[in-house]
């Protein structure tokens, strides 16, 4: 491996500039000069062919260990970060097992270990080419911002960040810093959504005016917090909480249930929206939504997302396409059978949850019955004035219904470029060449905005239609909702 000049830059200096908006940083001259907190940041030369990228994994849970470790092993894994040392152990063990196939010289003893990504940047500075972030949502933005300010590539899991203000900052900062970025909606690098775009742009189903998306996930709950408990032995719980309001450890939070809590996740929409909504966002060239409203919900509380929800966004005409209505259904329906208990949220009408009933658009059941087909557990129906198309979770199963319509329509040319090496390969190529990754932050922020608007609507409650001014980043008819555009960060974790 060729020698590359390493430079350590203090994380504390970076934090002083990363906490303000991009507009404020630009006004202060911080984004118009190659300086971060007084230290020069010069673009890294393109990585020599054959050199391995130096990658740090931040977040060693299921996604970090199961997805990102195998991808990191194709390069050089130099550090892992997780507040739970047992998870660090699992990640390195997985890396060692994978190394037998892709990197036989891998030595887990040489991998640096940290319980806090701020310590990673303090200790290693410019010794990194890229990071892979697989933390809960509330930790997505800060390590990515710290990395970008240091000229390091940043890949974060979906959704791109926790709130709308973070999405705007991350997008604009990635452009200013000209660094490689990627959000983990892997379907965006696949064939399915590309074919979807090419068919819709070729007029296969005419003008699309309605879109129905759904997910079988039920990442939410009802009622108060469970009793406090001790965190797993050796775990740095304070670092897991990070920028969020502090609370003691309790079940239904770690390692996966954080999705359902307002302070850490985004509900089922936050969990699956970037995968399922990607096709609609891309094919229909969706910009800022005009309005967003929760039309129905079950479960939820002042702290929890619902167990089932129906959300509607309205988008104005754009780029030759007519106005379109977009719906999202997830989780479970209301009903007494199999109920898990009643919510304390009055907006959910205090109904119990039927854990056996799928909360999906009625059109899905109609299509399945009419065409004797089975649609994905997470998918989309596009309704045009000339026909219907469907897609699955990651863009799989893209087709027109009925099959005869698919066969009758001439296959459109493949006008979109294809990705080689998969989603991580797209990111690694961006680090090496400077070419944008497939779901770079500028692109991903626009999709993420739709998801986070739905999150605000869920927190505001059923039947509260919110007008959205995307340019000003405010809800003109709801000062209360506008307060949720950005959050306050716990001391020491400011952005």
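The values are calculated or read from the model by the stated rules, or taken from the named source; none is laboratory data. Every value quoted in this text rests on a predicted model; they were computed, and no experiment measured them. Positions of Cβ are backbone-derived with ideal geometry, glycine not excepted, and every protein chain shown enters the neighbour counts.
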Restricting to segment 405-458, give me the number of residues that are in contact with a helix residue (DSSP H, G or I) (Cβ under 9 Å, 6 or more places away or on another chain) and outside any helix (DSSP H, G or I). 18
Residues satisfying the stated conditions in segment 357-383, i.e. over 19 Å from residue 325 (Cβ atoms) and touching a residue at least 60 places away in the same chain (Cβ under 8 Å): 358, 377, 378
Looking for something surrounded by fewer than 24 Cβ atoms within 10 Å (Cβ to Cβ), under 16 Å from residue 453 (Cβ atoms) and assigned by TED's automatic domain parsing to the domain that holds residue 333 - is there at least one such residue anywhere in segment 294-306? yes
In this structure, does residue 79 turn out to be under 24 Å from residue 241 (Cα atoms), at pLDDT 95 or above and not in a helix (DSSP H, G or I)? yes
Kindly check whether there is at least one residue in segment 396-410 that is crowded, with 20+ Cβ neighbours inside 10 Å, modelled with pLDDT of 95 or more, outside the structural domain of residue 327 (by TED's automatic domain parsing) and touching a strand residue (DSSP E or B) at 6+ places or on another chain (Cβ under 9 Å). no
Evaluate the following for residue 199: is it assigned by TED's automatic domain parsing to the domain that holds residue 281, surrounded by fewer than 24 Cβ atoms within 10 Å (Cβ to Cβ) and either modelled with pLDDT of 95 or more or in a loop (DSSP other than H, G, I, E, B) (or both)? yes
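Of all the residues that make up segment 104-145, how many are surrounded by 24 or more Cβ atoms within 10 Å (Cβ to Cβ), touching a helix residue (DSSP H, G or I) at 6+ places or on another chain (Cβ under 7 Å) and not in a loop (DSSP other than H, G, I, E, B)? Full working, then the answer.
Going residue by residue through segment 104-145, those that are surrounded by 24 or more Cβ atoms within 10 Å (Cβ to Cβ) are 117, 120-121, 129-145.
This time we only want the ones that are touching a helix residue (DSSP H, G or I) at 6+ places or on another chain (Cβ under 7 Å), so: 117, 121, 129-134, 136-137, 141, 143-145.
Subsequent filtering for residues that are not in a loop (DSSP other than H, G, I, E, B) retains 117, 121, 130-133, 137, 141, 143-145.
Of the residues in that region, 11 qualify.
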Per the list (1) under 23 Å from the mean Cα position of the chain (by Cα); (2) in a loop (DSSP other than H, G, I, E, B); (3) at pLDDT 95 or above, residue check on residue 271 breaks on (2)
